[in-house]
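First comes the structure, then the notes that go with it.
The values are calculated or read from the model by the stated rules, or taken from the named source; none is laboratory data. Owing to the predicted nature of the structure, the values given are computational and were not obtained by experimental measurement. The protein model used for the area step is the full one, side chains on, heavy atoms only, and it has no ligands, DNA or RNA in it. Shrake-Rupley method; radii C 1.70, N 1.55, O 1.52, S 1.80 Å.
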Amino acid sequence: MKALLALILLVQLPIHKAVPAAPPAPLGCDDPESEAAAEFAVNYINGHSHHGYKFALNRIENIRVLPQGLNNDIMFLELDLLETTCHILSPTPLANCTVRSFTQHAVEGDCDVKLQKLDGKLSVLASKCHSHADSSEDVLQLCPDCPLLASLNNTEVLTTVTAALNDHNSKTADAYLRLLEIGRARIQYHPVHSVSVEFAVAATNCSAEEAKDNVEACQLLPDNQSNFGFCTATRVTRPSQDLRVDCQLYGHQVPTPDIPFLRPGVTYSQPGQDTSAGLVPSVAQGFTNHNLRLSHNNPVASESSSSEFPTSVLSAKSVAKRAVAEVAQHDKVPRPVGFVPPPPPCPGKIRHFKI
């Protein structure tokens, strides 16, 4: 009888089921973890770009995290970047690189990056980027007299680069320099006609004096001795003529095994100078800037184009719209005086300016 009574009491005890842990709150674009992932992604993008300039983070447009297991997440980032004044060969840390101002005809980069965070360590699985200059109309509206970006293979641009490199090599007692690539160029027509250029260079195994006798024998230094540099020049043709050149060498840098340094490509023949320019036709001809797409074009980086994830995962735009709608709905609820509704989690803050 006692056993039967104990069994009845046992059956009547409430059954407690294990309640699954609540999923973590979604990351906001300005959360420290998001910013750390974005910084890691930007460093990867700059480290694996083969042409042009380093880019700095301007805004985190969206972030999505897909848990894969214990301490294992897949992260998708959508980033807005802005071009800096540091060439990709420059050893200057990104934090010390200046973002080009709007009036300098800024260049914007858009990147999708897929990362894995495993046991707290980040790694990039794929990246997909493209970059473009701001519209001429926008620049002229703010600054009517500002010079605009010119095509990298513009005749005046090539002539200016050749004249500048000839001028430098004729006056230096150091190594003879060869052209690697033209980085950017701007032409101003009023009140003076001038061409401003920026280009990457490399030292050869000849002195400038030795090159006068046999320039064909001057070859780029091997990787274990390489010395790259950067030049800026401005050539005025009207109303008077003037040429100003400044070239700085970075000194030898240890190359990264999986990131090849620039090497000269197509040769642009100019009178009196055999300048080898590292400009593959698809890279520079007819374009005003080097496109990030050439170094980063992996469709797996984009969440929407990866078939391994369910379509129920919301896109960046839908997340942003929903967040804005939620804030608007909260605004209808009576709030204390001085209450400021929280910002939507994405997109994040603009660090420099919006193009």
Point to revise | Potential extension, residue 118-residue 136 segment - 0.36 nm per residue separation minus Cα distance | key: 2.1 nm
Review point. In Å, what Rg and Dmax follow from the Cα atoms of region 68-218?
Key: 20.9, 67
Point to revise | Value of relative contact order over region 150-250, rounded to a whole percent, pairs C-alpha under 8 Å and six or more apart | key: 27
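Carbon and sulfur together cover what percent of the accessible area of region 29-148 at a 1.4 Å probe radius? Don't skip to the answer; put the middle values down first.
On the way: 2450 of 4940 Å².
Of the solvent-accessible surface of region 29-148, carbon and sulfur hold 50 percent.
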Check your understanding: For residue 112, what accessible area in Å² do you get when you roll a 1.4 Å probe over the heavy atoms of the protein chains, rounding to the nearest 10?
Key -> 40
Revision key, fill the gap. Among the Cα-Cα pairs of region 190-238, the proportion with separation greater than 17 Å, in percent, is 55
Check your understanding: Quick one: in region 150-250, what % of C-alpha pairs are over 18 Å apart?
Key -> 47
